[in-house]
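> Here it is, the structure in full.
The values are calculated or read from the model by the stated rules, or taken from the named source; none is laboratory data. No experiment lies behind these values; they were computed from the predicted model shown. Neighbour counts are summed over all protein chains in view; Cβ atoms, including those assigned to glycine, are modelled from backbone coordinates with ideal geometry. Ligands, DNA and RNA are stripped out before the accessible areas are found, and what is left, the full protein with its side chains, is counted by its heavy atoms. Shrake-Rupley method; radii C 1.70, N 1.55, O 1.52, S 1.80 Å.
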Amino acid sequence: MKWGVHRLLAVVLLSAVVAAPAAAAEGFTTRFVTVPAADGVGLGAMVLEPRAPGPHPVAVLISAWGGGATQNVIPAKNLADRGYAVVAYGARGFGESGGQVEVAGAADIADVSTVIDWALANTAADPARIGVGGVSYGAGIGLIAAGADTRIKAVASLSGWADLAESLSQNETRHGLAGLVLYLSGKANGELSAETDAMLTKFLTPHLSDADSAAIIEWSKPRSPSTHLDRINANHPAVLTIQTWSETVFPPDQMVELYQNLTGPKRAEFLPGDHASAESGGLLGLPSETWNSVYRWFDAHVAGSDDSITRENPIVTRARPGTQAPETFPDWTSAVGSPSRWELAPAELTTGRDTPANGGVPLATYSLEALTGDPPTAFLPLVSKRDAAIWQQAPLAAPMRIRGALTAQLTATPSTRNGTVIAYVYDVDQFGVGRLINYLPYSWKNVEPGSPLRMDLAFSPTAYTVPAGHHLALVADTKDPLFLDWTTEEGRLAFSAPSWLDIPTKGSQG
């Protein structure tokens, strides 16, 4: 019954996007199969194959977290229209596929090769022209697989990750709410393995022990593309990564590092929005520049039919807020600005109390920004100066083009052994409404109360233009629903010199 529902969905979606059904019938065939994995697990797959004689370039599309074979039906149809034999499948434990969710474990990576084997044996596929792509979960699996299977010539990683441990936690502070959403959705839509369930449950424990934290990190290592970087580079696939600036799940800084360390053909695009928001329209059949980049990347590096994308600058960014024209650069260094330092005056706050400053709702707040162009806001006059430290600059005479990663050093003296501080950077208008540019947590554990503590903060990179007449504000408080914090009691946190925020800028906007 489950298979039947998904088949019906695929047929409906394919029919909805085809203007001339007769032409589509001449273009490709569609069938649903179960691909047998080596361990006996069946992988539910949708196969679209051109009617024209082969051999055809191959596109393997891997489902995102919770998805099945038809999740990528629109990109599959568009690739089939371009002459690709497409196999779109659900990762094990999800959708129509058997097995259990191993979170990009060894079996998940082997499944990619199994699907390629099946495509070569059961379609008119060209073994020398194979590409792999996916969104989120499928993106990470595809990247790791590119280091395991030399037949993969190109990878499209959309809203993927490079380092799973860094995705789960920053500065000793876990992304609790995002982790909870993934855990609950995984339980509801898939079959988690005992190990996966245990690790995610452990991750969500309010006060994680050092031993459990170390166990999660070890579990994460083989599930991180960065761990397999040498093998990926040895295989030399062409890698396209597309990431959003305000990623709640997989912050873009790790993808910048991965991009810089890749030695093969590569391209990276960074857009406003949250996890999977840039590609969601294309999954629904709407016009999508994101998916157009995927098709062009595959055409250049898999099919060999159009190499125009290889002659463009490989770094593409779109600034916030609003809908800005793309900016392109030959490398990441050219994309970032020169830092200017803002020295911060002494300040003090009471720990353990939340304020209106927060990072928003995971997978919702910044997805709305992708649609409207408006970042989440906070009315700064309502932020208590007792419960938060607030630093504000003078209004700008000209626009400020922030390009790159803000960094900060805070000298803080806590009155408690454990705690968390969250720093928020706002673009503030003349009425006191702050639009959130970036945020970052920092936790301390087992320190001597009353002793100065140096906090080094490296925010995720962004592109944001602050209008003339607005000003920057830095807000620090100690509670945010996004994070599993270490602030367990009320206390005092005093900031003193040297404390500063470095702002990377690229001049003023004309």
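> Filter the stretch 270-326 down to residues that are basic (K, R) and in a helix (DSSP H, G or I) and give me whichever is farthest from L182 (Cα to Cα). If you could, list the steps in order and put the result at the bottom.
Applying the first criterion (basic (K, R)) to the stretch 270-326 yields 296, 311, 318, 320.
Then keep just the ones that are in a helix (DSSP H, G or I); that gives 296, 311.
Working: R296: 31, R311: 38 Å.
That would be R311.
> Return the pair list, or none, for Cβ contacts closer than 6 Å from residues in the stretch 183-196 that are on the phi > 0 side of the Ramachandran plot to residues that are open to solvent by 30 Å² or more (accessible area, probe 1.4 Å) and part of a strand (DSSP E or B), at least 6 apart or on different chains.
Going by the 6 Å Cβ cut-off, there are no qualifying pairs.
> How about the stretch 98-111: which of its residues are part of a loop (DSSP other than H, G, I, E, B) and open to solvent by 10 Å² or more (accessible area, probe 1.4 Å)?
The first filter runs over the stretch 98-111 and keeps only residues part of a loop (DSSP other than H, G, I, E, B), leaving 98-100, 102-105.
Once the filter is applied, which keeps residues that are part of a loop (DSSP other than H, G, I, E, B) and open to solvent by 10 Å² or more (accessible area, probe 1.4 Å), the stretch 98-111 yields G98, G99, Q100, E102, V103.
> OK, next. What is the number of the single condition among (1) open to solvent by less than 50 Å² (accessible area, probe 1.4 Å); (2) of a type outside the set (D, E, K, R); (3) more than 30 Å from T150 (Cα to Cα) that I232 does not meet?
Single failed check for I232: (3).
> Tell me which residues, restricted to the stretch 416-436, are surrounded by fewer than 20 Cβ atoms within 10 Å (Cβ to Cβ) and out of contact with any Ser or Thr (no Cβ under 8 Å at 6 or more places or on another chain).
R417, D429, Q430, F431, G432
> Still on this structure, please answer the following. Going through the stretch 481-510 one residue at a time, which ones are buried (at least 16 other Cβ atoms within 10 Å of the Cβ) and part of a loop (DSSP other than H, G, I, E, B)?
Listed by number, the residues that qualify are L482, F483, D485, W486, T487, G491, K506.
> Would you check if there is a residue in the stretch 114-129 being among the small types (G, A, S) and at pLDDT below 95?
So in the stretch 114-129, the residues among the small types (G, A, S) come out as 119, 121, 124-125, 128.
Subset that is at pLDDT below 95: none.
Within the stretch 114-129, not a single residue is among the small types (G, A, S) and at pLDDT below 95.
> Here's something else I'd like to know. Give me a count of the residues in the stretch 81-91 that are surrounded by 24 or more Cβ atoms within 10 Å (Cβ to Cβ) and within 19 Å of A52 (Cα to Cα).
If we filter the stretch 81-91 for residues that are surrounded by 24 or more Cβ atoms within 10 Å (Cβ to Cβ), which is where we start, we get 84-91.
From the residues that got through so far, the ones that are within 19 Å of A52 (Cα to Cα) too are 84-87.
Total satisfying the criteria: 4.
> Of these, L13, L79, which one is assigned to a helix (DSSP H, G or I), at pLDDT 95 or above and not aromatic (F, W, Y)?
Numbers: L13 fails: at pLDDT 95 or above.
Testing whether each residue is assigned to a helix (DSSP H, G or I), at pLDDT 95 or above and not aromatic (F, W, Y) leaves just L79.
> Something else: Give S220, S226 a once-over and let me know the one that is in a helix (DSSP H, G or I), open to solvent by less than 20 Å² (accessible area, probe 1.4 Å), touching a residue at least 40 places away in the same chain (Cβ under 8 Å) and of a type in the set (S, T, Y). Talk me through it step by step, then tell me what you get.
Numbers: S226 fails: open to solvent by less than 20 Å² (accessible area, probe 1.4 Å).
The match here is S220.
> Among A412, A394, A458, which is closer than 18 Å to A476 by Cβ and open to solvent by 50 Å² or more (accessible area, probe 1.4 Å)? Talk me through it step by step, then tell me what you get.
Values: A412 fails: open to solvent by 50 Å² or more (accessible area, probe 1.4 Å); A394 fails: closer than 18 Å to A476 by Cβ.
Testing whether each residue is closer than 18 Å to A476 by Cβ and open to solvent by 50 Å² or more (accessible area, probe 1.4 Å) leaves just A458.
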